[in-house]
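Down below is the structure, laid out as structure tokens.
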Amino acid sequence: MKYSELIKELIRDFLIIFASIIIIITILRQIYAPDASFELNSIYTIMAFSFLGALTGIILYTPHAINENKMRFRLVFHFFFLEALLISLAVILNLVYTTSGILLLALQIAVVYAIVRLLTYRNDKKEAQKINERLKTFKNEI
């Protein structure tokens, strides 16, 4: 993978994470606190945490192809590293105070992580289909 592709994926992941969090919060606020509004500080905090979450995607970067087991290990390591980083940062910044708050944050991180992985998997699958179609047409031309 080239560095330009890595940067493209990091930006894509950042936007997916940020949009997912904002959409989830908006829906939940409409259900549980319809009068609540977004403060600028909370938007910046969400943006910073989304950027950190996307930046940890560097762990998944490899300049050459690796086997499936190594990639799965990297995904698991990435998930736990991301959980530890974001929860530690939330505790240090006094955004989370109780054990139940930490557990809820961990659950929220896991849900957003699953959404991002699902969306990137779908995108990768579409790209693979496009490549296969191009290879088939190229093979038929020869």
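The values are calculated or read from the model by the stated rules, or taken from the named source; none is laboratory data. Keep in mind that what you see is a predicted model, and the values were worked out from it rather than measured. Positions of Cβ are generated from backbone atoms using ideal geometry, with glycine treated the same way; all protein chains shown enter the neighbour counts. Side chains are part of the model used for accessible areas, which takes the heavy atoms of the whole protein and leaves out ligands, DNA and RNA. Shrake-Rupley method; radii C 1.70, N 1.55, O 1.52, S 1.80 Å.
In terms of its Cα atoms, region 3-142 spans 64, 31, 23 Å along the principal axes, sorted from long to short. Taking the C-alpha atoms only, the angle from helix 99-141 to the longest principal axis of the chain is near 20 degrees.
Dividing the mean sequence gap of close Cα pairs (under 8 Å, 6+ apart) by how many residues region 15-125 holds gives a relative contact order of 32 percent. When the chain is treated as a GNM with alpha-carbon contacts under 10 Å, the residue of Ala33, Ala90, Ala106 showing the greatest mean-square fluctuation is Ala33.
Put simply, region 47-113 fits an ellipsoid with semi-axes of 26, 12, 8 Å; these come from the alpha carbon gyration tensor as the roots of five times its eigenvalues, largest first.
About its Cα centre, the dipole of the chain is roughly 600 debye, where the only charges are +1 on Lys and Arg Cβ and -1 on Asp and Glu Cβ.
Remark: the chain carries 74 Å² of accessible area per residue (probe radius 1.4 Å; ligands, DNA and RNA excluded).
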